[in-house]
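Right, one structure below, let's go through it.
The values are calculated or read from the model by the stated rules, or taken from the named source; none is laboratory data. Note that the structure is predicted; figures quoted are calculated from it, not measured. Using ideal geometry, Cβ is built from the backbone for each residue, glycine included, and neighbour counts are taken over all protein chains shown.
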Amino acid sequence: MSKKALITGSAGLIGSESVKFFAQKDYQIFGIDNNMREYFFGPEGSTKWNNEMLSQKYHKQYTFYNKDIRNNEDIEKIFKKNKFDIIIHTAAQPSHDWAIKEPITDFTINALGTLVMLENYRKYSPNATFIFTSTNKVYGDNPNKLPLVELEKRYEIDQKHPYFKNGIDENMSIDNTKHSIFGVSKSSADLMVQEYGKYFGLNTGVFRGGCLTGPNHSSTQLHGFLAYLVKCIKTGTEYTIFGYKGKQVRDNIHCNDLVNMFWNYHQHPKQGEVYNAGGSRNSNISMLEAIEKIEKILNKKTKYKYIDTNRIGDHIWYISDVSKFKKQYPKWNFSYNIDDILQELCQQIHI
C-alpha cells in the first residue's frame, strides 16, 4: 500500500516541487491549493498553469482539492478520509509588502490556517511528519543590527563576526524587533508548529527559508525576487530596486534542495525542531551582482529604476547558516549553487 503525502500550496513553488519529489518516491499525493496567489498578486501570480501540469503528469498519484486551509470543516474531511505519512505545509500569504493591505487575511491564512492543519494532524494522523515552511522574517530587523560593511557591489558582515563563516544561525532572537505584519503572522505559525511538537510529542519540523527559488515560481514584484528579476530582464520589463543601493544580499536555495531537506528530516524526524534553510555561503548574491550575472547569461541589459526608500522589514544582508541541519542530517547537501540556479532560471523560467 502506497504511503501518503498531504501537501498544502501544492501548485506553488515548494508545493509543486514536493509533489514531484514524493511522486518519484511512489507516494500517493493529496494536494490542497485554492490559487490565492492570483488574489494576492493578480494574473501574473496565478498558479493555475502549474496545477494543471501536475494533474496531467501525475494523474494516477495526485488527488487535488481546491480548498481553503482556514476552513476547518473542509480540511477535517480530507484528514478523516486518509492516514497521512507526511504533511508538507507550504500554503501561505507569502509577501510582507502585501500583508499591510489586508492584515486580517494575512494572519488568518498564515497563523489560523496553520493551526487548522496542526489540529487535524494531531487528531487524525499523529504518527506523520509535519513540515512547515517558515521564513527568515521571523527574525525581524535583528539581522540589520549586525556589523555590516559596504563593499562595491554588496553588503557583507564584518569578517571578525561569528556569522561571517556560515551565516545566521537559529539562536538569533525573534523577540523585540520589527518583523513586518507578514513576519508576525509567520512567527505565530512557526511557534505553534514548534509547540505541537514539544507539547504533544509530535514530529514537527520548522524550516526558516531564505529566498526560495526555481523555474516554476509564479514570481511577481512583491514575491520571488530572483525569478522575477530574470523574467523582467528577459522580457524587457522595468525592474524596481528598493533601497540599500541595490547591494542587499540574499541567499537563494533551489526548491529541490529544500524539498530534499524535508525528505532527510522525514527519515529521522525530531519533535518541534527549527532549522534555517537557505543557500548559505554556497549560494548567495546581491541585487547588483544578480543583475550583472543575468545580463551576461541573457546578453541583455536591464531596464530598472532605483527608489531610495527600502521596503519595511527588508534585510540588508541575510545568509542562512545550515550547519545545524547538516550536522543532524549529514547525507544532505546542496545540489545547486547560485550560478546553477541562475542558468536554470534563464533557460526555463515560466513567463
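Structural remarks
- Test result for Met192, buried (at least 18 other Cβ atoms within 10 Å of the Cβ), in a loop (DSSP other than H, G, I, E, B) and either in contact with a Gly (Cβ under 7 Å, 6 or more places away or on another chain) or not polar (S, T, N, Q) (or both): no
- Sole residue being modelled with pLDDT under 95, at positive phi and touching an Asp or Glu at 6+ places or on another chain (Cβ under 7 Å), chosen from Gly214, Gly236, Gly210, Gly224: Gly214
- Residue count, segment 1-35 (criterion: more than 18 Å from Gly224 (Cβ to Cβ), among the polar types (S, T, N, Q) and either free of Cβ contacts under 8 Å to residues at least 24 places away in the same chain or surrounded by 24 or more Cβ atoms within 10 Å (Cβ to Cβ) (or both)): 2
- Checking each residue in segment 12-35 for being within 15 Å of Phe64 (Cβ to Cβ) and part of a helix (DSSP H, G or I) picks out Gly15, Ser16, Ser18, Val19, Lys20, Phe22, Ala23.
- Selection count where residues are of a type in the set (Lys, Arg), assigned to a loop (DSSP other than H, G, I, E, B) and closer than 22 Å to Ser335 by Cα, scope segment 238-292: 0
- Exactly one residue among Tyr306, Tyr329 is among the hydroxyl-bearing types (Ser, Thr, Tyr) and modelled with pLDDT under 95, and that residue is Tyr306.
- Any hit, segment 162-184, residues being surrounded by fewer than 24 Cβ atoms within 10 Å (Cβ to Cβ), within 16 Å of the chain's Cα centre (by Cα) and assigned to a loop (DSSP other than H, G, I, E, B): no
- In segment 195-224, the residue that is surrounded by the most Cβ atoms within 10 Å (Cβ to Cβ) out of those that are in a helix (DSSP H, G or I) and touching a strand residue (DSSP E or B) at 6+ places or on another chain (Cβ under 6 Å) is Tyr196.
- Summed over segment 272-327, the residues that are within 21 Å of Gln347 (Cα to Cα) and of a type in the set (A, V, I, L, M) give a count of 8.
- Among (1) surrounded by fewer than 23 Cβ atoms within 10 Å (Cβ to Cβ); (2) not in a helix (DSSP H, G or I), the one test that Ala92 misses: (1)
- Selection status of Gly246, closer than 30 Å to Tyr121 by Cα, out of contact with any Phe, Trp or Tyr (no Cβ under 6 Å at 6 or more places or on another chain) and either surrounded by 22 or more Cβ atoms within 10 Å (Cβ to Cβ) or of a type outside the set (A, V, I, L, M, F, W, C) (or both): no
- Within segment 325-339, residues that are in a loop (DSSP other than H, G, I, E, B) have Cβ atoms under 7 Å from residues that are of a type in the set (Gly, Ala, Ser) in these pairs: Phe334/Ser283; Tyr336/Ser283; Asn337/Ser283, counting only partners at least 6 apart in sequence or on another chain.
- When segment 58-88 is filtered for residues that are within 22 Å of Ser2 (Cβ to Cβ) and among the hydrophobic types (A, V, I, L, M, F, W, C), the ones remaining, listed by number, are Phe64, Ile75, Ile78, Phe79, Phe84, Ile86, Ile87, Ile88.
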